[in-house]
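Take a look at the structure below.
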Amino acid sequence: MELRETLLGMLERDSRLLPEDLAERLGLQIEEVASELGAMVDEQVICGYHTLINWDKTKREFVTALIEVKVSPQHGMGFDKIARRIYLFDEVKAVYLMSGGFDLTVIVEGDNIKDIAYFISDKLAPMESVLSTATHFVLKKYKDHGIVIERQKKPDERMIVSP
Amino acid sequence: MSQRIKELPFSGIRKFFDVAKEIKGAISLGVGEPDFDTPWNIRAEAIYQLENGSTAYSSNAGLLELRQEISRYMRERFHLEYSPLSQIVVTVGASEGIDIAMRAIIEPGDEVLLVEPCFVSYKPCVLMAGGVPVIAAPKAENGFRLRPEDLEGKIGPKTKAILISYPSNPTGAIMDLHDLELLAEIFIKHDLCVISDEIYAELTYGQEHVSIASLPGMAERTIVLNGFSKAYAMTGWRLGYACGPASVMEAMLKIHQYVLMCAPTTSQHAGIEALKNGAASVRAMKSEYDGRRRVIVSGLREMGLDCFEPKGAFYAFPSIKSTGLSSDDFCMRLLKQERVAAVPGNAFGECGEGFIRCSYASSIDSLKEALKRIGRFLESL
Ligand SMILES: Cc1ncc(COP(=O)(O)O)c(C=O)c1O
């Protein structure tokens, strides 16, 4: 794999890795890694860094909804523009253009169900291009970003010394 | 108790294990198995087969579909041709393969060359089969690769076979094509049988594994042992295989049939899934090991230990001679003082004295913590 993809793969799994960590694990010079990372930030290949949190274990209460949105793109108002009008709302955490039975997946967070109902009835549904919405609330997250979050960490069961 | 078994020592690893297991909160660099769980698709297949009630014995040599998959894998991966019908025996780990290979070929008094430092069971298996182990010791300065000169004076009229294992446990050494060519010439000249334990074949870094059996004139005199333990993180499944000339395989199958009947059937089904759909998981684990390998080797070097670059398996084998301590003392004191378990090199043969085996089959975080503690330990000396 190319350096770029290798670095991204490693950072996607652990965004805390510093250039020196990456360099050490790949057997490269820190400068080489740092300049590749810098270039990727400039080119917006790297768009941000995340911490994966299991909010269920905290006091914060909020709800997440996945909304299936059907839209009717029109001249001068294609999917990208409609998506932009939606994703600029702060409560919208993700927007994807989909193949299949609906057009956009919109993931929204709010403090409670009322917040989300308000967002849909007042912001999303009234948009001219939006034909219909179907809202699904998230009840529990099992796995996110490739990491199983609901499972207890298992102790290392291996014998401490083995051949 | 039989004299032969009475005389057989317990492995040095076991001795060390008895002490280490009492130390609370120890970080272990002593583990000879992957820290990953078996990939889920493989476990799921085994569960499915259990649900399905596939719980009977398999044929002695193993499920035919598994042997066919092994045959395909050996061809595609290492350019080796083995007939699923007559040249492959599915074993209870490579461990069983080592034992039944020895018993199948050794006459009482036959000499078998072992390349130390090596896996702990080779010598006992030779002894239990009535053979006489003769030790060759490759040099650290040659990166623990076996060189023709290491065999000088070791091969005589009684020499029947040589057991080699690359990538090596405990040194992490590998052999490239040229290294193997030099040896193959000698093995052919002296008409030796070669037992090649290639259990770490998938775990090489920077270059691909070459099997000695793939060299001209070698397939007919080589028994290749391999298994699922290391590559697919399947140590507890107890599944391996032996491949070689039909006549030897028939002899090994005879022993296997009387002693074990067959390898566990559930594990065999899991093995089929591993060979069919496991390659991506192997690649992911290998790339993780590779990063850790660099971390541990550079960490050990930074604290002044001489550590040649291991290019296979998941072990580093630094020299601790500069400390003036014996391997046993070093490991015992490191364990008690800093609660880090590493295995004394002499557990793998006398010539391992002056070295310790550090397994990097652990998370980077625990490797880094272990390195910190080793550094502190060295400073205290
Ligand atoms: C060199 C070598 N051969 C064989 C084995 C045994 O493998 P298996 O689990 O297939 O019996 C090991 C395990 O540590 C090993 O290191």
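Taken together, the values in this text are just the output of simple stated rules run on the coordinates, not laboratory data. These numbers come from a predicted model, not from an experiment. Here the Cβ is made from the backbone with ideal geometry for all residues, glycine too, and neighbour counts use every protein chain on show.
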Overall Cα dimensions of segment B:155-248, principal axis frame, Å, largest first = 40, 31, 22
Taking neighbour counts of Cβ atoms within 10 Å as a proxy for exposure, in what order, fewest first, do A:H75, A:H145 appear?
-> A:H75, A:H145
Divide by every residue of chain A the summed helix terms, -39500 (n - 2.57) for each DSSP H run of at least 4, and state the resulting mean residue ellipticity at 222 nm, rounded to the nearest 500 deg cm²/dmol.
-> -8500 deg cm²/dmol
Expected sort for B:M234, B:M252 with the fewest Cβ neighbours (10 Å cutoff) up front is B:M252, B:M234
Binning at 5 Å from 0, report for chain A what percent of all alpha-carbon pair distances ends up in each bin.
-> 1, 7, 13, 13, 12, 13, 14, 12, 7, 4, 2, 1, 1, 0
Number of partner chain Cβ atoms within 10 Å, mean per residue of A:150-161 | 6
How many Cβ atoms of partner chains, on average, are near each residue of B:78-85 if near means within 10 Å of its Cβ?
-> 0
If the chain between A:D42 and A:T64 were fully stretched, how many nm would it gain, using 0.36 nm times the residue separation less the Cα-Cα distance?
-> 4.8 nm
In degrees, nearest ten, helix B:177-189 long axis to first principal axis of chain B (Cα) | 60
The residues B:H269, A:H50, sorted from fewest to most surrounding Cβ atoms within 10 Å, come out as A:H50, B:H269
Within a Gaussian network of chain B (alpha carbon springs, distance under 10 Å), most fluctuating of B:S322, B:S121, B:S298 = B:S322
Fluctuation leader among B:P344, B:P108, B:P84 - chain B, Gaussian network, Cα springs under 10 angstrom | B:P108
Where both partners of a DSSP beta bridge lie in segment B:40-278, what percent of those bridges are antiparallel, to the nearest 5?
-> 30
When the helix-only estimate is applied to chain B (DSSP H runs of n ≥ 4, each -39,500 (n - 2.57), divided by the residue count), what is the mean residue ellipticity at 222 nm, nearest 500 deg cm²/dmol?
-> -13000 deg cm²/dmol
Excluding residues fewer than 8 places away in the same chain, name every one of the lysines whose C-alpha is closer than 20 Å to that of A:K93.
-> A:K70, A:K81, A:K114, A:K123, A:K140, A:K141, A:K143
For chain B, modelled as a GNM with alpha-carbon contacts under 10 angstrom, which of B:G312, B:G236, B:G12 fluctuates the most?
-> B:G236
So what's the angle, to the nearest 10 degrees on a 0 to 90 scale, between helix B:246-259 and the longest Cα principal axis of chain B?
-> 80
Over the protein assembly as shown, how many percent of alpha carbon pairs lie in each 20 Å bin up to the one with the longest distance?
-> 19, 45, 26, 10, 1
Checked segment B:75-177 against the a/c 1.5 cut and the a/b vs b/c comparison, axes a ≥ b ≥ c from its Cα gyration tensor; verdict oblate
Specify, per residue and in Å³, the volume enclosed by the convex hull of the alpha carbon atoms belonging to segment A:56-140.
-> 92
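Normalising by the residue count of chain A, find the relative contact order in percent from Cα pairs under 8 Å and 6+ residues apart.
Over chain A, the number comes to 21 percent.
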Straight-distance crosslink candidates among lysines, where the alpha carbon sits under 18 Å from B:K15 and sequence neighbours closer than 8 are dropped | B:K6, B:K24, B:K123, B:K336
